[in-house]
Amino acid sequence: MAFSVVLHPAFLLAVLSLRTSRSEVLEEPLPLIPEIHKVSFQLKLQEVNLEWTVPALTHEELNMIFQIEISRLNISNIIWVENYSTTVKRKEAVRWNWTSDIPLECVTHFIRIRALVEDTKSLPKSSWGNWSSWKEVNAKVSVEPDKSLIFPKDKLLEEGSNVTICLMYGQNLYNVSCKLQDEPIHGEQLDSHVSLLKLNNVVFLSDTGTNINCQAMKGPKGIFGTVLFVSKVLEEPKNFSCETRDFKTLDCSWEPGIDTTLAWRKQRFQNYTLCESFSKRCEVSNYRNSYTWQITEGSQEIYNFTLTAENQLRKRSVNINFNLTHRVHPKAPQDVTLKIIGATKANMTWKVHSHGNDYTLLCQVKLQNGGEVIREHNVSAHMSANYLFSDLDPDTKYKAFVRCASANHFWKWSDWTQKEFSTPEAAPSQALDVWREVWSENGRRVVTLFWKPLLKSQANGKIISYNIVVENEAKPTESEHYSVWAPALSTNLSLDLQPYKIRITANNSMGASPESLMVLSNDSGHEEVQEKTIKGIKDAFNISWEPVSGDTMGYVVDWCAHSQDQRCDLQWKNLGPNTTSTTITSDDFKPGVRYNFRIFERSAEHQARLVEKQRGYTQELAPSVNPKVEVPYSTPNSFVLRWPDYDSDFQAGFIKGYLVYVKSKEMQCNQHWERTLLPDHSVLCKYDINGSETKTLTVENLQPESLYEFFVTPYTSAGPGPNETFTKVTTPDARSHMLLQIILPMTLCILLSIIVCYWKSQWVKEKCYPDIPNPYKSSILSLIKSKKNPHLIMNVKDCIPDVLEVINKAEGSKTQSGKLHIEDVPTKPPIVPTEKDSSGPVSCIFFENFTYDQSAFDSGSHGLVPGPLKDTAHQLGLLAPPNKFQNVLEKDYMKPLVESPTEETSLIYVSQLASPMCGDKDTLATNPPMPVHGSEYKRQMVVPGSFASPSLKENNSLTSTILLGQGEQ
């Protein structure tokens, strides 16, 4: 008891003294000096790990600030100072990491620390404490004299970062140089055998790495180096979202960004981890851009997801928070059907995936035609829905689409479900746009009807044919029907000059279109109007005209390209009644092509009357072809140039005239000609022919026997035609020109005479040598002067033949062509008959034709010697040539015949085709005469019939003799 009484005051005294001492300590803080316990390093990461404690710490926890200094090579070379704030616990070590900018293997580092109390609530504000002692960080390696080392080895780093390469080489190596992919690198020398290569903002070159090669200039030769594996910077995932289609799974997707994979397995593709904060679930995706998260039935509606992308160098994360019912992406509608109603309606029905009666979907319906959306509508749906498409075009293919989305909280549309359908045909709904071209041919009108094809929306089906009804207004009950099969867009009609009504309709399988009416008046196609010249602009013409009458129903402007072809691709445009101008545009308009326009007025009676013509070019060009010039006439002092075949209406512009160039070394230009001296000292004269109609020019005041060259080219407002070679012409000399003036008329006269003679050749032949002689026209009459005695020319009735011999009968000519018929010839020569009982001599006239026996004439052994016919019988023979016979006639017998006009004469015809008149048959058989085929008479003579005929000899070549006496058969 006593002991406790004594102990208690002592204890109180001790406690009081302790409190007093502690208060003194707080008033004077004890020095807090950190004590470094451990220094380690990770060479691959170039990282220094530091651990220390504060031995004098009396509080369980205290917020403190530590200042850390790092020096390199020696303690005086401080390279790093950092203040590190942390909560220090008594008896626990403080840890800190530092990453070196150069490899730790290359140089020695030193570290020290001092502290400062940051918690002013527990302790009063103080200053920095004392430094700890220096701690050496030595990871340096030794290098053999002939070896070299480079750090870091196969460094992995991000694009855009900085890196320092350390080179360590032995004592026997000097002047080491390095290259980065063949580009030199300049380094920093730390000491005699350590160099630093600093690379800033490195770039990605290849997934296989970037090479650094080094070589010493002095010492053992050899190349050493390292590879930098530069990775692309890991990107944060983009467009991260999650949605459900069936409330069983969440489909999460994102865009991964750039692939940071490197070769040689230095870095694999970045990993993606999906974590949900409310359920504390984390799952790693096997795909780089999506993951399917399984929904636990009856679990939460609110989700908070964090998506983390990670590779060996860094991490990137994104976060989303959503309500499950707000992220519904419905499935596509199903069981879509279409029912066609007529040619213009269709009803579409479909079903949707329902999630309860309270769940409503909004469905969107659209209709496409030819890839273009023509209608869109919204329809509400629970289990199924329908929509009616109306006002559709007949004979048209359509595509109907439907998709749905949540009506309460719209998130996304479902995929489209489509259905194709076609509407049936209907009769054409629009009348044809028709036009015509009329021209005259052989007293009739040829009408070409044109029509434009109906648009697809107007045709309502495939046009099969076009029906044309032509009605003569003079005979309205009579009409002609024509059918033109598609795809023809024109036809020709041949009509007379009467007025006509023409009706045209288009037909498909369902019917005909409304008719188009056109009326042709009596003067259609014969209107004469003035033509005006206009100037076009690029791809267009501005057409204007004056109104003609006030009761017009409209105007029609038609046009086509001006060409040498009779027909062209006629185009037309319909205009209203109050229109007096229009702009005609076409992609077919080309520069250098003339276009002809016609303006027609359409009356209320559907008649078209031509009111104006216009022509022009969108752009005039220079002529592309020069005329072919001819020189039809030249004199010693001039020559004429002509080009009549050049058609100026079919050129690339309106021909304004022609330029004529004439050059010569001795030429003096005439008046109105331009003179130009060429480099070869020749003179060029130019003459401008104003106007396209003049196509001839006479070049005068030239020198005889001189060479001139000429060239003719047309020109338009755009310029002259192409340059071509000159044509040479030489003027003739003066004498040859005069001689030509004499010879040419003489040649013409001779030629005219030949033509006249040829033209009168038949007349000359009849007069001089007819094929069949006419006794009345025989020239022998003029010799014997027998015109006073009309009985000199024998008539058939006056000469009665006694004996006739026919040699070549038509019936026997084929079988007995060479046999002579002599059995009918009397052996005695016939007696020249006399008149009745007259016993006196009878005058006879002999005709001989030498054509049938030319040999007898040529030999001169045959002839006719006329003599008086006595009472005694004499035979007729050829005793003298014809010329002698003629002389005998003229001398001895002409006079008696003339002097005795009253004495009657008879004709004796002597034929050379007859057989001999005397001789026996044996003689004929042994010496048969050669048959002669008669072809024509050549000449005949008339002798008096009173001459006696001498006897015929056997050697005579006279083939037959016929003696004709008057009054004897």
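The values are calculated or read from the model by the stated rules, or taken from the named source; none is laboratory data. None of the values given here were measured: they were computed from a predicted structure. Don't worry about glycine lacking a Cβ; one is built from the backbone with ideal geometry, like all the others, and counts go over all protein chains shown. Surface areas here come from the heavy atoms of the whole protein model, side chains and all, with no ligands, DNA or RNA. Shrake-Rupley method; radii C 1.70, N 1.55, O 1.52, S 1.80 Å.
Each residue in segment 342-373 was checked for being in a strand (DSSP E or B), surrounded by 14 or more Cβ atoms within 10 Å (Cβ to Cβ) and without any contact (Cβ under 8 Å) to a residue 60 or more places away in the chain, and 13 of them qualify. Apart from one condition, ILE302 fits all of (1) at pLDDT 95 or above; (2) farther than 18 Å from GLY257 by Cα; the exception is (1).
This table checks each residue for (1) over 26 Å from GLN619 (Cα atoms); (2) surrounded by fewer than 14 Cβ atoms within 10 Å (Cβ to Cβ); (3) of a type in the set (A, V, I, L, M, F, W, C).
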{"position": "PHE650", "(1), (2), (3)": "no, yes, yes"}
{"position": "GLN668", "(1), (2), (3)": "yes, yes, no"}
{"position": "VAL683", "(1), (2), (3)": "yes, no, yes"}
{"position": "GLU693", "(1), (2), (3)": "no, yes, no"}
{"position": "GLU705", "(1), (2), (3)": "yes, yes, no"}
{"position": "THR716", "(1), (2), (3)": "no, no, no"}
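In this structure, ASN201 does satisfy being part of a loop (DSSP other than H, G, I, E, B), in contact (Cβ under 8 Å) with a residue 12 or more places away in the chain and more than 30 Å from THR306 (Cβ to Cβ). Please verify whether segment 314-334 includes one or more residues that are among the aromatic types (Phe, Trp, Tyr) and over 30 Å from ASN378 (Cβ atoms). No - not one qualifying residue is present in segment 314-334.
Every test in (1) surrounded by 13 or more Cβ atoms within 10 Å (Cβ to Cβ); (2) modelled with pLDDT of 90 or more is passed by SER457 save one, and that test is (2). Between ASN460, ASN472, the distinction of being of a type outside the set (Lys, Arg) and in contact (Cβ under 8 Å) with a residue 60 or more places away in the chain belongs to ASN460 only.
Listed by first and then second residue, the pairs linking a residue in segment 486-512 that is of a type in the set (D, E, K, R) to a residue that is open to solvent by 50 Å² or more (accessible area, probe 1.4 Å) and modelled with pLDDT of 90 or more, with Cβ atoms under 6 Å apart and 6 or more places separating them unless they lie on different chains, are ARG503/GLU515. In the condition set (1) closer than 30 Å to GLU724 by Cα; (2) surrounded by fewer than 16 Cβ atoms within 10 Å (Cβ to Cβ); (3) aliphatic (A, V, I, L, M); (4) more than 36 Å from the chain's Cα centre (by Cα), MET553 is compliant with all but (1). Filtered by the rule that a residue be part of a strand (DSSP E or B) and under 38 Å from the mean Cα position of the chain (by Cα), segment 401-425 gives GLU420, PHE421, SER422.
Does VAL438 meet the test of being open to solvent by less than 30 Å² (accessible area, probe 1.4 Å), more than 24 Å from THR337 (Cα to Cα) and aliphatic (A, V, I, L, M)?
Taking the combined requirement at face value, the residue satisfies it.
May I ask you to say which residue of TRP254, TRP264 is open to solvent by 80 Å² or more (accessible area, probe 1.4 Å), in contact (Cβ under 8 Å) with a residue 40 or more places away in the chain and among the aromatic types (Phe, Trp, Tyr)? Only one candidate passes the filter, namely TRP264.
So that you can scan it fast, the table gives a plain yes or no per residue for (1) open to solvent by 50 Å² or more (accessible area, probe 1.4 Å); (2) among the charged types (D, E, K, R); (3) assigned to a loop (DSSP other than H, G, I, E, B); (4) touching a Gly at 6+ places or on another chain (Cβ under 8 Å):
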| residue | (1), (2), (3), (4) |
| --- | --- |
| ILE502 | no, no, no, no |
| ILE534 | no, no, no, yes |
| TRP572 | no, no, no, no |
| LYS590 | yes, yes, yes, no |
| ASN596 | no, no, no, no |
| GLU605 | yes, yes, yes, no |
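Could we say that GLU297 is among the acidic types (Asp, Glu) and either in a strand (DSSP E or B) or in contact with a His (Cβ under 8 Å, 6 or more places away or on another chain) (or both) here? So GLU297 fails the test.
Would you say LEU610 is part of a strand (DSSP E or B), more than 29 Å from GLU546 (Cβ to Cβ) and either at pLDDT 85 or above or over 30 Å from the mean Cα position of the chain (by Cα) (or both)? No, not satisfied.
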